[in-house]
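Please read the structure below before turning to the comments.
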Amino acid sequence: MRLTTTLLTGALLALAGAATAQTPSPAPTAAPSPQERAQAEAAAVRARAAAALQARTEADAAAKAGGMRMAGPMAAAQLVYGDYSCTHNAWDASGKRLNFIPKGVIQLNANGTYRYLDGNTTGRYTYDPATRQVTWLTGYFAERGAVKTTFSTVDKAGQLDIELTTGTGTQNWSCGCGRK
């Protein structure tokens, strides 16, 4: 994330410098003509486009070198604690529609514990705000193997996107918490 921030900062500085370098300073005796102003604006636009293209190229090169590829900077997010209602998003090929199958409730607590379903299955988790990843240490989700869980906010409410690998394939769950 620091690499992306550094690249974006460098691109903005290059953009400001290029726009300044490309924009001719007006002569002290005469104001620039409309054609000269249009040319200066066009040069500034070209400079901004070149800087943006350079930043994108550098970010893609960093991603190919093993870094994380992001469309833009990802801000750290504070995890929302509370009850998350979950659904399994399953594609029904014969009906050509997406079915939302209820999968229960996950209760996330601020002390690093969680409960799944009826409250009898408990476990521990950690959360990394920089990557927005929840790691299940014990309990139901830890027992399921490699479970990828990403936290996001939607209209200031919490959402967990869970990807479970099962014997029949991958299941994608969406879990939402109405707390704000």
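The values are calculated or read from the model by the stated rules, or taken from the named source; none is laboratory data. These numbers come from a predicted model, not from an experiment. Virtual Cβ from ideal backbone geometry, glycine too; neighbours counted across all protein chains shown. For the accessible areas, the whole protein counts, side chains as well, though only heavy atoms, and no ligand, DNA or RNA atoms are used. Shrake-Rupley method; radii C 1.70, N 1.55, O 1.52, S 1.80 Å.
Brief remarks on what is shown
- Some residue of the stretch 135-147 being open to solvent by 30 Å² or more (accessible area, probe 1.4 Å), among the charged types (D, E, K, R) and at pLDDT 90 or above: no
- Residue in the stretch 104-122 that is in contact (Cβ under 8 Å) with a residue 60 or more places away in the chain, in contact with a Lys or Arg (Cβ under 9 Å, 6 or more places away or on another chain) and part of a strand (DSSP E or B) present: yes
- Scanning the stretch 75-83 turns up at least one residue that is within 30 Å of Tyr116 (Cα to Cα), over 19 Å from the mean Cα position of the chain (by Cα), at pLDDT 75 or above and not charged (D, E, K, R).
- For the stretch 86-99, a residue qualifies if it is loosely packed, with under 12 Cβ neighbours inside 10 Å and either of a type in the set (A, V, I, L, M, F, W, C) or assigned to a strand (DSSP E or B) (or both), and the qualifying residues are Trp91, Asp92, Ala93, Arg97, Leu98, Asn99.
- Set Gly112, Gly123, Gly176, Gly167: member being open to solvent by 40 Å² or more (accessible area, probe 1.4 Å) and not hydroxyl-bearing (Ser, Thr, Tyr): Gly167
- Cβ-Cβ contacts under 8 Å between residues 6 or more apart (or on different chains), taken from a first residue in the stretch 81-94 that is among the aromatic types (Phe, Trp, Tyr) to a second residue that is at pLDDT 90 or above and not in a strand (DSSP E or B), are listed as Tyr81/Asn109; Tyr81/Ala110.
- Take the conditions (1) touching a Phe, Trp or Tyr at 6+ places or on another chain (Cβ under 6 Å); (2) open to solvent by 30 Å² or more (accessible area, probe 1.4 Å); Ile162 misses just one of them, which is (2).
- Residue that is under 17 Å from the mean Cα position of the chain (by Cα) and modelled with pLDDT under 90, where the choices are Thr166, Thr153: Thr153
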